[in-house]
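Asker: Got a structure here, written out as structure tokens. Questions coming.
Each reported figure results from applying straightforward, stated rules to the coordinates on display, with no laboratory input. Being a predicted model, the structure only gives us computed values, none of them experimental. Cβ coordinates were reconstructed from backbone atoms using ideal geometry, including for glycine residues, and neighbour counts include every protein chain displayed.
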Amino acid sequence: MVTATAARERAWDAAAAVTDPELPMLTLADLGILRRVEIEDDGTAAVWITPTYSGCPALAEMRADVDRAVRAAGFDRVRVRTELSPPWTTDWITPRGRRKLAEHGVSPPGPAPRREPGPVPLTLLPTRTVPRCPRCGAQDTEELSRFGATSCKSLHRCRSCLEPFEHVKEI
Ligand SMILES: [Zn+2]
């Protein structure tokens, strides 16, 4: 007999393994955006996620991916819900997630800026973090562009090894 706990774990594992559309080397578990999973009385798997960057166009894609993954794990009814409070911060990216970013040549975010109390800002506030080169570890890097391939990343170049690299912005 499948217990409710086992079913919940199965749904959790399926959702946790979904990768992020913008940072495909990271799973939802690595990003720390999977909040909770519950199996409702009618067997519906309800999954709560906290979206990453505000207004991120990848959210719809992510929801569809979670829905598909949980269905593939044997659930006929899936409901993906978003939880906006507390808002997601790059501080929730797990140590494993940070390691994977660096392994893929992407500089992981530094500590997130302190939030002012009040409504969640809809824009990405500039930060003063100077990221380290993920390839050679040099600290002498320059920002080439505030926006990399996606809005969650900025583009930098290492003055030591001269390689460009992306950095996940702190929010
Ligand atoms: Zn370098």
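Asker: From the C-alpha coordinates alone, can you work out the Kirkwood hydrodynamic radius of the chain, in Å?
Answerer: After inverting the mean inverse Cα-Cα distance, the result is 17.2 Å.
Asker: With an 8 Å cut-off on Cα pairs and a minimum separation of 6 or more residues, tell me the relative contact order of the chain in percent.
Answerer: About 18 percent, as a whole number.
Asker: I need the phi-derived Karplus couplings for region 4-15: 6.51 cos²θ - 1.76 cosθ + 1.60, θ = phi - 60°, integer Hz, Gly and Pro marked x.
Answerer: Residue by residue, region 4-15 yields 4, 5, 5, 5, 5, 5, 5, 5, 4, 4, 5, 5 Hz.
Asker: Just round it to a whole percent: the fraction of Cα-Cα distances in region 124-171 exceeding 14 Å.
Answerer: On the way: 466 of 1128 pairs.
The proportion of pairs with Cα distances above 14 Å equals 41 percent.
Asker: Label point 7 Å out from ARG135 along Cα-to-Cβ: which residues of region 82-99 have amide N under 20 Å?
Answerer: Within reach of a label on ARG135, which here means backbone N under 20 Å from a point 7 Å along Cα→Cβ, region 82-99 contributes 99.
Asker: Quick one: what are the phi-derived ³J(HN,Hα) couplings along region 28-45, Karplus 6.51/-1.76/1.60 with θ = phi - 60°, whole Hz, x for glycine and proline?
Answerer: Along region 28-45, the couplings run 4, 5, 4, 6, x, 9, 7, 8, 7, 10, 9, 9, 7, 4, 8, x, 5, 8 Hz.
Asker: For ARG99 and ARG81, compute 0.36 nm times the residue count separating them, minus their Cα-Cα distance, and round to one decimal in nm.
Answerer: Working it through step by step, the gained length comes to 3.6 nm.
Asker: To check you understand DSSP bridge types, tell me what percent of the beta bridges within the chain (both residues inside) are antiparallel, rounded to 5.
Answerer: Values: 15 of 22 bridges.
Given both bridge residues lie in the chain, the antiparallel proportion sits at roughly 70 percent.
Asker: Can you list the HN-Hα couplings for region 131-145, worked out from phi with the Karplus curve (6.51, -1.76, 1.60; θ = phi - 60°), rounded to whole Hz and with x for Gly and Pro?
Answerer: Along region 131-145, the couplings run x, 7, 5, x, 8, 10, x, 5, 9, 7, 10, 10, 8, 8, 8 Hz.
Asker: Now a separate question. Taking 0.36 nm per intervening residue step and subtracting the Cα-Cα distance, what contour gain separates ALA72 from ALA60 on full extension?
Answerer: Working it through step by step, the gained length comes to 2.5 nm.
Asker: Counting only helical runs of four or more DSSP H residues, what would the 222 nm mean residue ellipticity of the chain come to if each run contributes -39,500 (n - 2.57) and the total is spread over all its residues?
Answerer: -7000 deg cm²/dmol, from helical runs alone.
Asker: For region 4-82, what is the relative contact order in percent, using Cα pairs closer than 8 Å and at least 6 residues apart in sequence?
Answerer: Result for region 4-82 is 32 percent.
Asker: Among the DSSP beta bridges whose two residues both lie in region 4-82, what percent are antiparallel, rounded to the nearest 5?
Answerer: 55
Asker: Let me ask you something else. Pairing the Cα long axis of helix 58-72 with the longest principal axis of the chain, what angle in degrees results, from 0 to 90 and rounded to the nearest 10?
Answerer: With both axes taken from Cα atoms, the answer is about 40 degrees.
Asker: Report the calculated FRET efficiency for THR44 and LEU144 (r = Cβ-Cβ distance, R0 = 45 Å), to the nearest 0.05.
Answerer: The computed FRET efficiency comes out at 0.45.
Asker: Given a cut-off of under 8 Å on Cα pairs at least six residues apart, what relative contact order in percent is computed for region 124-171? List each step's numbers first, then the result.
Answerer: On the way: 81 pairs, mean separation 14.8, N = 48.
This gives 31 percent for region 124-171.
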